[in-house]
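Notes to accompany the following structure.
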Amino acid sequence: MAETLNALGGLLVKALPTFLLLVLLHFYLKFIFFRPLEKVLRKRFELTEGARRSAEASLEAAARKTAEYEAALREARSQMYHEQEEARRRWREEQAAAVLDARGKAGALVTQTRAELAEDAARARESLKAESEALAERITAAILERRPA
């Protein structure tokens, strides 16, 4: 057993410089390589995170502006539809007034024309009556002249 301990002690003494070299290599790499690498990675993360936050803020601002534009567009459309409806209503009222005016003028014209036709018919009757009487007298005269009395 003592021999084993002696051999183990000898191995430990031989491994001690390797162990010390590994510990020194660990601290050397930690301070020379990993710490600057960690700083660079942290800075990169902060820049990336900042750019991501900035992009999110830009997207939110764009979404707000889009919502504002859409609201303004809806308002403009609503106002335009309202104006169109108002113009249609005025046009219908003007059209109805024009139709009523035309009906009134047409009614007056029909009344005037009927009166003129009635006058023409009365004159024509009188003329026909006079002509028929003259014709009747001529016929009577012609008949009486042919008859011996």
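The values are calculated or read from the model by the stated rules, or taken from the named source; none is laboratory data. Not measured: the values here are computed from a predicted model. A quick note on method: Cβ atoms are made from the backbone with ideal geometry, for glycine too, and the neighbour counts reach across all protein chains shown.
Select, from ALA62, ALA2, the only residue that is within 24 Å of the chain's Cα centre (by Cα), without any contact (Cβ under 8 Å) to a residue 60 or more places away in the chain and at negative phi.
Numbers: ALA2 fails: within 24 Å of the chain's Cα centre (by Cα).
Of ALA62, ALA2, the one residue that is within 24 Å of the chain's Cα centre (by Cα), without any contact (Cβ under 8 Å) to a residue 60 or more places away in the chain and at negative phi is ALA62.
Mind telling me which of the residues ALA115, ALA76 ends up being under 41 Å from the mean Cα position of the chain (by Cα) and without any contact (Cβ under 8 Å) to a residue 24 or more places away in the chain? If you could, list the steps in order and put the result at the bottom.
On the way: ALA115 fails: under 41 Å from the mean Cα position of the chain (by Cα).
Sole residue among the options that is under 41 Å from the mean Cα position of the chain (by Cα) and without any contact (Cβ under 8 Å) to a residue 24 or more places away in the chain: ALA76.
Is it the case, given these coordinates, that SER127 is modelled with pLDDT of 95 or more and either surrounded by 10 or more Cβ atoms within 10 Å (Cβ to Cβ) or not aliphatic (A, V, I, L, M) (or both)? So that I can check it myself, show each step before the final result.
Numbers: modelled with pLDDT of 95 or more: no; either surrounded by 10 or more Cβ atoms within 10 Å (Cβ to Cβ) or not aliphatic (A, V, I, L, M) (or both): yes.
So SER127 does not fit the description; no.
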